[in-house]
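Single-structure report; data block below.
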Amino acid sequence: MQISRSVLKQLKKIAGEQNVLTDALSLSLYSYDCSLSRTKPDVVILVSEGKTLPVLIQFLVKHHIPFTPRAAATNHAGGCATLYGGAVLDLTRLNRILTINTQEKFADVQPGVITADLQDQASRLGLLYAPDPASARVCTLGGNAAQNASGARCMKYGGTADYILEADWISPTGETVHLTRGNPGPDWIGFLCGSEGTLGLFSQLRLKLIDEPKHIKTFLVTFSSLQEGIQTVTDLAAQGIIPRCVEAMDNYTTKTVEEFSHAGYPTGAQALLILELDGTPKQIETEAARLEEICRKNSCQTFTAARTEAERAKLWLGRRAAYAATTLTAPNVMVGDGTVPRSQLPLALQKVNEIISRYGLTAGLLFHAGDGNFHPHLVFDERNRLQASLAAKAAKEILQACVECGGTVSGEHGVGVEKRAAMAFEYDKHTLGFFSSLKNALDPQHLSNPGKIIPVDFAEKCRPDTPLSPAEEQLAQEIKKRFNQNISSWVTGAGSRRKHTTSSPLNTRGLNKIIEVDKNNYTVTAQAGVSTAELAQRLEKEGVFSSLAADKGTLGGAFACNICPEFSRQVTGLKALLPTGQLVCYGGKIMKNAAGYNLCRLFAGSAGELGLITELTFKIYATPQNRLARKQAAQNSVWPKAFTAVKQAADPAFLFGQVKERETHE
């Protein structure tokens, strides 16, 4: 698009003349990220003060100029591509760690802070910032929030969304809203985290820190085949063992990394695992014995422990250097990010190898294996059109294979533009339509990082509609009838948490099946009307545990009222009937999902205002879990004004619950 001189002049007044760049070199330097996307912006704005951000966005919206937030640009999916030109908002100068509170264990940071800088400062104070993307020495905390980055420690500690306590969010229209985990209603922070700048951006974050473990033990395990190594990971998961990290590499990656970093990897091994434990010395000793037993059962060649902190650091130096090392082997590297349930890792690996072989390509296989997260590194030369085309086709088929294995097209890198079409493999038209409605609701002009995540013409390409169970079908028909007749509804289960105010509530009691207790993946799938007492009895019988305590209510009610926030964060899959009667589905047995808007977080705490939850999938554990004190559910949720549009996107006639436009606040 063309930006007039008068508009540029006004931008310079807002941001400072020296911070508004339009020269050819600057526009070229901001035309790419770590993906293959190449698109030039019309202007680059170096944001040097946080207070100018909402003013800038309001000005850009007023003049209908698209804007793309950007920091270190380590994105692998074209998330920084300016598809429609417009403005790049460079946030790298907002790089101050404002506070580290050692008593309450949090850090206040600006979005341009390098992740490793916070990790280093926290470590010197005996604290840990747990999210640990491989690019931590380069990537920023704001970028991590935009992607919901996680990294190697996600298996035990979770991703970025789990560590944001509070945030200043600037909406796509330039409104500033301060969000906290204590806000009534949905988990807005969790919903916005991972939205890739398409729903606005965070201008400041308060991040949770935890005590740094005093004892850590790292093991290097080698195998004669990658299949044996991956089977080991599946077996670990099936026994409920949760190491701090489980990383896997094939021989190609091992050789490439060793030549680059001299980490001490044995280049003769066909596969290696890096396993890491933390905790008390006794815990580590016990778990190490179990790890070694499983590795030996899968015919490992060697099982060795790092003897010193220097040896441990060296092993991780190699793992973190994998992408950089691979870029030296070919002009281009395409990094995959599909994720599957951990029990499906062996099958997914077989499919991935078949695809790579069929297209005659070279690839290094690298995994956050503990999370089922594949990172195949396809190497090629984009100047060779045939080779580039084959690499793109192979990458697309790998993502499709992951979905066929019950997985997702993105575990942590996001969708951007390069995996946008692949979203149609994973979601049906109702769910993609709901994503689109959420985008329209918060960004009506489609100016905030436009053209990302949601596939074009998805109704023609997406997977078939998800079939409804008989109980879901009955409720869907009733909801559609009420929607057509403009009849208000109130969702209730056992009626133990919130008293309904309508004479004919929508009751979830018919949704009373525990569908599966999966001890291979350590997940449970159950319908929303299952009582928490019945669920607890079933889990006790199976010898597994969750963080949700039994009471007089239902599973769906506990989640919808966010009775136990820790449990809500462990929900990985959801089905829900919108107030229009359409079924939307998100996630499943996958430990990571960065594809689309996080509906699990959106519906957590929604108290029936956005629809009727029909089914949940959540994590379970081999050992008892801490059950934090339950909080009282809010009887009348009052949402920030900016999110009234989200309510209307789900419930256009405002028929569910009590949230009305007049009842919102800033």
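The values are calculated or read from the model by the stated rules, or taken from the named source; none is laboratory data. No experiment lies behind these values; they were computed from the predicted model shown. Methodologically, a virtual Cβ is constructed for each residue, glycine included, from the backbone with ideal geometry; neighbour enumeration extends over all protein chains shown.
For Glu354, indicate whether it is more than 26 Å from Ala401 (Cα to Cα) and of a type in the set (Asp, Glu). Judged against the criteria, Glu354 is not a match.
Within the stretch 78-118, being small (Gly, Ala, Ser), assigned to a loop (DSSP other than H, G, I, E, B) and under 16 Å from Ala130 (Cβ atoms) holds for no residue.
Across the stretch 227-240, the qualifying residues are those that are farther than 15 Å from Gln350 by Cα and surrounded by fewer than 21 Cβ atoms within 10 Å (Cβ to Cβ), and the one among them that is modelled with the highest pLDDT is Asp235. The number of residues in the stretch 388-426 that are over 16 Å from the mean Cα position of the chain (by Cα) and either in a loop (DSSP other than H, G, I, E, B) or more than 24 Å from Gly364 (Cβ to Cβ) (or both) comes to 7. In this structure, is Gly451 closer than 23 Å to Ala271 by Cα and part of a loop (DSSP other than H, G, I, E, B)? No. Among the residues of the stretch 57-69, some residue qualifies, meaning at least one is of a type in the set (S, T, N, Q), in contact with a Cys (Cβ under 7 Å, 6 or more places away or on another chain) and not assigned by TED's automatic domain parsing to the domain that holds Thr140.
The rows are residues; the columns are (1) hydroxyl-bearing (Ser, Thr, Tyr); (2) modelled with pLDDT of 95 or more.
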site	(1), (2)
Ser6	yes, yes
Tyr30	yes, yes
His63	no, yes
Thr68	yes, yes
Thr74	yes, no
Thr92	yes, yes
Leu98	no, yes
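For Pro455, the criteria (1) touching a helix residue (DSSP H, G or I) at 6+ places or on another chain (Cβ under 7 Å); (2) assigned by TED's automatic domain parsing to the domain that holds Gly573 hold in every case but one, which is (2).
So that you can scan it fast, the table gives a plain yes or no per residue for (1) touching a residue at least 60 places away in the same chain (Cβ under 8 Å); (2) more than 23 Å from Ala650 (Cβ to Cβ); (3) out of contact with any Pro (no Cβ under 6 Å at 6 or more places or on another chain):
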| position | (1), (2), (3) |
| --- | --- |
| Thr431 | yes, no, yes |
| Leu447 | yes, no, no |
| Lys452 | yes, no, yes |
| Pro455 | no, no, yes |
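For Arg463, the conditions (1) crowded, with 19+ Cβ neighbours inside 10 Å; (2) in contact with a strand residue (DSSP E or B) (Cβ under 6 Å, 6 or more places away or on another chain); (3) over 30 Å from Gln625 (Cα atoms); (4) not polar (S, T, N, Q) all hold with the exception of (1).
Restricted to the stretch 255-292, and to residues there that are on the phi < 0 side of the Ramachandran plot, under 31 Å from the mean Cα position of the chain (by Cα) and part of a loop (DSSP other than H, G, I, E, B), the residue that is surrounded by the most Cβ atoms within 10 Å (Cβ to Cβ) is Tyr265.
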